[in-house]
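As structure tokens, the structure follows; a few thoughts come after it.
The values are calculated or read from the model by the stated rules, or taken from the named source; none is laboratory data. This is a predicted model, so every value here is computed, not measured. Glycine gets a Cβ as well: all are built from the backbone with ideal geometry, and neighbour counts include every protein chain shown.
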Amino acid sequence: MQPPPLSRKCIAVLTRGYEDLDKYQDLINRNESIRKNLQEKTIPLLIFHEGNITPTQQIHISEQTPELNLQFINVKSTGKAFRQEKESIPFDPETAVFPIGYRHMCCFWTIDFWHFVTEYDFLLRIDEDCSIDFNIDTIFQQMNSESIQIITGHWGFDCDFVTRGLNNFTRSFLSNVLEREFDKIPTRYISGICSISGFHLTTLRKNPLLYLFLVELDFSNKIYSHRWGDGPIWGEIIGYLLEATEGNPCKWERSIQYYHKSHATQIN
């Protein structure tokens, strides 16, 4: 049986606002690399921001790649991201080097982004500081035809001091919900998920265990207090919550090639 046709796709980034137009060059370079590697130019490119990219700046950014369907979305305006009530949570002193903005970002790409993509079936995250060299259309097709829930180009491990207690949290949650014990596995750091990753949103939404886990995670405030990152959290989700579901929970796709500027690293 042939899989259903692809329908609602989007490409997304969470980016900062700047006073100086020149500081948008990384975002513009990212968009240009997408333009070169995307055939279906009508796919929305969602530019999530904190309400600090002015209309004039939006026009400037859009004019650099007029073929692309850029859509600027203020995620703070709804109160469903960068939530003010989270800013009073005390930090674990060992993680104090990470500011509140970084923790908001980790929370966004784990919990909050779901509120802003309800009309889409597939999402490809491509961060601001990434310049890509792979066929985007093929990645969407691959996710659909192979029933891939998450696709990424690279994975590794995060530091112990920013994953402390995460694996225990996951296993405790599952033990309480499913009433059985779970073995400890290393907390994987899915580094591609922190820069470029694809999500089969329709399949993930059908997973009630994932929904309950994200609710419990949000209630715990550990993303903010302990600086649990979106990468290791998705590593836990893949390792424990998706492995038993239908389809392929996660695929490491070597064709996902890109340069990650902030890490000065070429991936694949």
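Determine whether Ala81 is more than 20 Å from the chain's Cα centre (by Cα) and of a type in the set (Gly, Ala, Ser). Answer is no for this residue.
I need the full set of residues from segment 119-145 which are in contact with a Lys or Arg (Cβ under 7 Å, 6 or more places away or on another chain) and outside any helix (DSSP H, G or I), in order please. Explain how you work it out, then say what you get.
Taking segment 119-145 first, the residues in contact with a Lys or Arg (Cβ under 7 Å, 6 or more places away or on another chain) are 119-122, 126, 128-131, 140.
Result: Glu119, Tyr120, Asp121, Phe122, Ile126, Glu128, Asp129, Cys130, Ser131.
Select from segment 94-111 the residues that are charged (D, E, K, R) and buried (at least 22 other Cβ atoms within 10 Å of the Cβ) and list them in ascending order. Result: Arg103, single match. Restricted to helices (runs of 4 or more DSSP H) entirely inside segment 178-247, those with at least 1 residues that are more than 19 Å from Arg125 (Cβ to Cβ) and at pLDDT below 95 are 208-220.
Just one of (1) at pLDDT below 95; (2) in a helix (DSSP H, G or I); (3) under 20 Å from Lys86 (Cβ atoms) fails for Arg164. It is (2). Of everything in segment 114-133 that's crowded, with 19+ Cβ neighbours inside 10 Å and closer than 16 Å to Thr152 by Cβ, which residue is nearest to the chain's Cα centre (by Cα)? Looking at the filtered set, the residue picked out is Arg125.
Return yes or no: is Gln141 touching a residue at least 40 places away in the same chain (Cβ under 8 Å) and surrounded by 17 or more Cβ atoms within 10 Å (Cβ to Cβ)? Walk me through how you get there before you give the answer.
On the way: touching a residue at least 40 places away in the same chain (Cβ under 8 Å): yes; surrounded by 17 or more Cβ atoms within 10 Å (Cβ to Cβ): no.
When the stated conditions are applied, Gln141 does not pass them.
Among residues belonging to segment 248-268 that are in contact (Cβ under 8 Å) with a residue 24 or more places away in the chain and assigned to a loop (DSSP other than H, G, I, E, B), point out the one that is surrounded by the most Cβ atoms within 10 Å (Cβ to Cβ). This residue is Ile256. Do we have any residue at all in segment 162-175 that's touching a helix residue (DSSP H, G or I) at 6+ places or on another chain (Cβ under 9 Å), farther than 24 Å from His104 by Cβ, in contact (Cβ under 8 Å) with a residue 60 or more places away in the chain and not acidic (Asp, Glu)? Taking every residue of segment 162-175 in turn, at least one turns out to be touching a helix residue (DSSP H, G or I) at 6+ places or on another chain (Cβ under 9 Å), farther than 24 Å from His104 by Cβ, in contact (Cβ under 8 Å) with a residue 60 or more places away in the chain and not acidic (Asp, Glu).
A count restricted to segment 92-113 and to residues that are of a type in the set (A, V, I, L, M, F, W, C) and under 14 Å from the mean Cα position of the chain (by Cα) stands at 7.
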